[in-house]
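Comments concern the structure below.
Computed from the coordinates by the stated procedures, all read-outs in this text should not be read as laboratory data. This one's a predicted model, so the numbers in the text were calculated from it and none came from an experiment. Ideal geometry is used to build each Cβ from the backbone, glycine not excepted, and the neighbour counts take in all protein chains shown.
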Amino acid sequence: MQLTELELIRREKLTQLRNLGINPYPADLFPLDSNSKEIKQHFEEGKKVTIAGRLMRKNIQGKASFAQLQDSEGRIQVYFNRDEICTGEDKTQYNEVYKKLLDIGDFIGIEGKLFTTQVGEKTVMVKKFSLLSKALKPLPQPKVDAEGKVHDAFTDAEQRYRQRYVDLVVNPHVKEVFIKRTKLFNAMRTFFNDREYFEVETPILQPIPGGAAARPFVTHHNSLDIPLYMRIANELYLKRLIVGGFDGVYEFSKNFRNEGMDRTHNPEFTAMEIYVAYKDYNWMMDFCEQLLEFCASEVNGTTKATFGEHEIDFKAPYARVTMAQSIVDFTGFDISGKSEEEIRSAAKEMGVDVDDTMGKGKLIDEIFGEKCEGNYIQPTFITDYPKEMSPLCKEHRTNPELTERFELMVCGKEIANAYSELNDPIDQRERFEAQLKLADRGDDEATAFIDFDFLRALEYGMPPTSGMGIGMDRLIMFLTNNASIQEVLFFPQMRPEKKKVEMTEDEKEVFTILKNNSPMELDALKSQSGLSNKKWDKTIKGLTKNKIVKVEKTEEGLLVSAV
RNA sequence: GACCUGGUAGCUCAGUUGGUAGAGCACCUCCCUUUUAAGGAGGUGGUCCUGGGUUCGAGCCCCAGCCAGGUCACCA
């Protein structure tokens, strides 16, 4: 492993610490009794505290020094004074251990008492400190100046995602995003649990990937010798539980879709799905806006949220527009009662890209997606979707071409999708079969599997039920003003890092030639290697740099020898 | 998948027709007992993403590739 100078220095310090009898990775617990936040909130002059955290700044002024300690709650200033720490003659603890052997990033424990400095900063006067864990790699050290401007921030997106631990240590705003993420989950749980809906878990490995139209990941179970799919949705399992007699079930579902990755798609993402018996989609719309209003204020302390250039407000109620009306609003074209061909040619006139594999529902969806969707900035329910694109949704009570479905749009994106669930087993079977036909016709979004066990469950009877799914990642993006899903996932999927080879192929080759004839003349070695000038130069420099070979000038000329 | 932009020190970034690789912070040494992004003085530190090519000479130009970000397309 090639170490940088900074890493070598820190490793050397490990040895020096051990020579002083200090274990840089002690096993015993550290009895902390406070933290940075508590100290600042309940500050008492002279109070004794025991705290621990990472050393994040050292500002040494001879025999005194100010430093900053960062713990899970934030940072607190600590004051190291030589004569406070070393009361006797031996000043090693301050002069050597603190000043020289402690680095930014090291975990230390501190016993001290609180005081206020002359400039009024709440500070811990260190009486005793101990090393809890030494950091061998240097952290980036962003700094904030008096005007609040950040210098040297750790900003490279690739490095931040690949090394999220570093990102979290040095970028407090990043940590804040994830705290809000968890607050959102907690708020939703509270909202559901208060209404006595029941949190459940359903299979992630499924023999049939159902409940959505998406390409699944496939794996294989050895003892059963069958393919298994990682779930793309949990809908069909939750409905089985409604059949089984639960009145309300919900699950935070990690779903997996084997599709492209971009700033709004990660191969694994989190959806929340909830199903409530004896309800319909009208009830669910009321429920949804109450839920989001509650969640937004739990997360941000207000129902308002800023997203890019938009100010959005999650305060209920939200506008409700039928899909047909929306298309009239933005295109002037009325889809009601029109045939597939009429809609297709209308779409073409509007400049919407359509083809012959598209059925009526898909055509309408294309028009809506192209012309309408992006216009809804404030939370808006779009209702009554075409039947063809909603195979799990109950037919509309007043129009057999439509379904009782809504999606909630925010900033032009869908964040929730809900139905009056289809509970007619015969209709459901026909809809699945229609999907198969669409799939055969070439629509790769149509579901190509029929879950017969799900149909069997419906045949035992499912009460009228409304269900809703919410894209948790997208919702938290809106609540934290992040345009990229990677910013709201701790560990977004990345291409694997290439590992660096110790010796290049050329270096190996040259070394092999040399090993059998060491030492040999440089020119001879060069011509035997058959490398171009440039390549030779790079190779021999690489080898000498890593102290694998040595070049010496002698009376006979340049000699290369293996080390 | 297409196009655009980027990849240089631990971090943030400069780098002139193509002519000895730079700055700030960090780090190291010395001085400094209540400071607050940055006290003073001196110093160390480089696979310029990778591989080819052009050239006397490439961080820079050309070709191919890798990785990331963005825009679109596709997809919920």
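Measuring between alpha carbons in the structure, the pairs from A:LYS47/A:LYS180; A:LYS48/A:LYS134; A:LYS40/A:LYS149 lying more than 27 angstrom apart are A:LYS47/A:LYS180. Computed from point charges on the beta carbon alone (+1 for Lys and Arg, -1 for Asp and Glu), the dipole magnitude for chain A about its Cα centre is near 3240 Debye. Positive-end ranking of A:LEU224, A:ALA305, A:THR155 along the dipole of chain A, with charges on Cβ about the Cα centre, is headed by A:THR155.
Counting Lys and Arg as +1 and Asp and Glu as -1 over every other residue whose Cβ lies under 15 Å from the Cβ of A:PHE452, the net charge comes to 0. With contacts taken as Cα pairs under 8 Å and at least 6 residues apart, segment A:116-243 reaches a relative contact order of 13 percent. Arranged from fewest to most other beta-carbon atoms within 10 Å of their beta carbon, A:ARG474, A:ARG215 become A:ARG215, A:ARG474.
For segment A:275-291 versus segment A:345-366, the inter-centroid distance based on Cα atoms is 31 Å. Taking max minus min of the alpha-carbon positions on each principal axis, segment A:212-292 gives extents of 43, 36, 17 Å, largest first.
Taken about its Cα centre, segment A:5-137 carries a charge dipole of roughly 240 debye when the Cβ of each Lys and Arg holds +1 and the Cβ of each Asp and Glu holds -1. Within segment A:250-331, the chymotrypsin sites (Phe, Trp or Tyr not before Pro) that combine a DSSP coil assignment with at most 15 other C-beta atoms in a 10 angstrom radius are A:TYR278.
Annotation: average projected area of segment A:5-137 is 8.2 square nanometres, based on the convex hull of Cα atoms across all directions. Centre-to-centre, using Cα atoms only, segment A:31-56 and segment A:297-334 are separated by 45 Å. For A:ASP167, neighbours were defined as the other residues whose beta-carbon sits under 15 Å from its Cβ, and their charges (Lys and Arg +1, Asp and Glu -1) total +2.
By the count of neighbouring beta-carbon atoms within 10 Å, fewest first, A:TYR197, A:TYR165, A:TYR98 end up ordered A:TYR165, A:TYR197, A:TYR98. Stretching A:GLU84 away from A:LEU168 to a fully extended chain increases their span by 26.9 nm, per 0.36 nm per residue minus the current alpha-carbon distance.
Subtracting the Cα-Cα distance of A:SER336 and A:HIS42 from their residue separation scaled by 0.36 nm leaves 99.3 nm. Using 20 Å as the Cα-Cα cut-off, could you pick out the over-long pairs in A:LYS13/A:LYS91; A:LYS315/A:LYS371; A:LYS254/A:LYS315? Those over the limit are A:LYS315/A:LYS371; A:LYS254/A:LYS315. Which residue, A:ILE242, A:ALA271, A:ASN282, has the largest displacement toward the positive end of the dipole of segment A:220-372 when charges sit on each Cβ (Lys, Arg +1; Asp, Glu -1)? With unit charges placed on the Cβ atoms, the residue in question is A:ILE242.
Legend: helices of chain A (whole DSSP H runs) are marked when their alpha-carbon atoms reach 27 angstrom or more along the helix axis and their mean Kyte-Doolittle hydropathy is at least -1.0; marked are A:172-194, A:281-300.
Taking the fewest neighbouring Cβ atoms within 10 Å as the starting point, the ordered list for A:ILE343, A:ILE85, A:ILE377, A:ILE60 is A:ILE60, A:ILE377, A:ILE85, A:ILE343. Each residue of chain A gets 270 Å³ once the volume of the Cα convex hull is shared out per residue.
If the Kirkwood radius is taken over C-alpha pairs of segment A:324-419, then at 25 °C and 0.890 mPa s the Stokes-Einstein diffusion coefficient equals 181 µm²/s. Positive contributions from Lys and Arg (+1) and negative ones from Asp and Glu (-1), summed over other residues with Cβ under 15 Å from the Cβ of A:MET125, come out at +2. Start at zero, step by 5 Å, and the Cα-Cα distances of segment A:134-216 spread as 3, 10, 12, 12, 11, 13, 13, 9, 8, 7, 2, 0 percent across the bins.
Only DSSP H runs of four or more residues enter the estimate; each adds -39500 (n - 2.57), and after division by the residues of chain A the mean residue ellipticity at 222 nm equals -10000 deg cm²/dmol. A straight Cα-to-Cα reach below 15 Å connects A:LYS394 with the aspartates and glutamates A:GLU235, A:ASP280, A:ASP384, A:GLU404, A:GLU407, A:GLU421, A:ASP424, A:ASP427, A:GLU430, residues fewer than 8 places away in its own chain not being considered. For A:LYS58, a cut-off of 12 angstrom between C-alpha atoms picks up these aspartates and glutamates, skipping any fewer than 8 places away in its own chain: A:ASP103, A:ASP106.
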